[in-house]
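The structure appears below as structure tokens.
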Amino acid sequence: MTTPLATLVKTDSTAPPAEPPPRVVPTRRAGQWVTAAVVLVLLGLGLLSVVRNKAFQWDVVAQYFTSASVLRGLGLTLWLTALVMALGFLLGTLLAVFRLSANPVLRAVSWGYVWFFRSTPILVQLLFWFNIGALYPTVLGVHTVNLLGPVAVAVIGLTLHEAAYAAEVVRGGILSVDRGQIEAAQSLGLGRLRRLTRIVLPQAMRAIVPPAGNMLIGTLKGTSIVSVIAVQDLLYSTQLIYHRTYEVIPLLLVATLWYVAVTSVLSLGQHYVERYYARGTGGAR
């Protein structure tokens, strides 16, 4: 007669029961909470002092925040930022292609341009273009004083300055593309321009977008420098008001709040654009 297998297995009734796994207890960091509480208290006190300080004249800030002259200045600032970024990246992309070219003359021209415009302050460049009539009174029979007004000078000066930085941003993005992608495109018989627009630039955008977004925000704030040549941007519009009313602090707050608002919107847009171009990579999370 066969003995069941269960009867052959001997159990030891005296064996201790299995112990449960140890519970993981997070380390308590009381110092971090104390530091956070102190920082929050200090921030609250600072914010309260700003709100309750009558010298800020928040009623005046509210009065001029949406005034017609301030909104016109804001519109010019946004228009100038968009135009300068578009022209700057268009010229910067061309300079980046020249820099990566096999032609030594094109490489030298691109390098010299970037070196010169990154070496001179933007204020000096604007003042130079504003006084270009002292060097060239007429160009092709047209007086440069009538040809280049303050807005045209601002567009030219800012575009040439931004193009130097955009060239390095685009060049870095192109160099980030794997060489095998370019070789695969060459094996398919794609031309140089088509390789650049269809293969290289779409992949380079992952490396171009973050610094380009920072450049956009920097250009928005940098346009305030055109107030020195009497371009009625956001800052100059507020300056015209406080030169008349002597309410300097509230009008500067008006300009500051508008810059903060627009910069916040651009930062949010940059986040979504970066996430779009980071599809399929770890950066999309």
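Computed from the coordinates by the stated procedures, all read-outs in this text should not be read as laboratory data. Please read these numbers as outputs of a predicted model, since none were measured by experiment. No Cβ is skipped: glycine too gets one built from the backbone with ideal geometry, and neighbour counts run over all protein chains shown.
Candidate membrane-span-like segments in the chain, meaning DSSP H helices with Cα atoms spread over at least 24 Å of their own axis and a Kyte-Doolittle mean of 1.6 or above, are 30-52, 68-99, with no membrane implied.
Considering helices alone, the calculated mean residue ellipticity of the chain at 222 nm is -22500 deg cm²/dmol, with DSSP H runs of length four and up weighted by -39500 (n - 2.57) and normalised per residue.
Note the listed values [x] 21; [y] 29; [z] 52, then indicate which one is percent of Cα pairs over 32 Å apart calculated from this particular structure. Label [z] holds the value from this structure. From most to least packed by mean Cβ count within 10 Å, the peptides 132-141, 73-82, 101-110 give 73-82, 101-110, 132-141. Just to confirm my numbers, what's the Cα centroid distance between segment 105-172 and segment 25-65 in Å? Centre-to-centre (Cα) distance: 43 Å.
Taking the Cα centre of segment 57-277 as reference, the dipole from Cβ charges on Lys and Arg (+1) and Asp and Glu (-1) amounts to some 740 debye.
Considering the options V97, M85, F56, tell which one lies farthest towards the positive end of the dipole of the chain, charges being +1 on Lys and Arg and -1 on Asp and Glu at the Cβ, about the Cα centre. Going by the Cα projections, it comes out as V97.
Among D59, D233, rank each residue by its count of other Cβ atoms within 10 Å, from fewest to most, as a rough exposure measure.
Values: D59 9, D233 26.
Going from sparsest to densest Cβ surroundings: D59, D233.
Since only L234, G149, L201 are under comparison, the one whose Cα sits farthest along the positive direction of the charge dipole of segment 126-285, derived from C-beta charges on Lys, Arg, Asp and Glu, is L201. Over segment 57-277, Cα pairs under 8 Å with separation of 6+ residues give a relative contact order of 31 percent. A simple charge model with +1 on the Cβ of Lys and Arg, -1 on the Cβ of Asp and Glu and nothing else charged puts the dipole of segment 85-216 at about 380 debye relative to its Cα centre.
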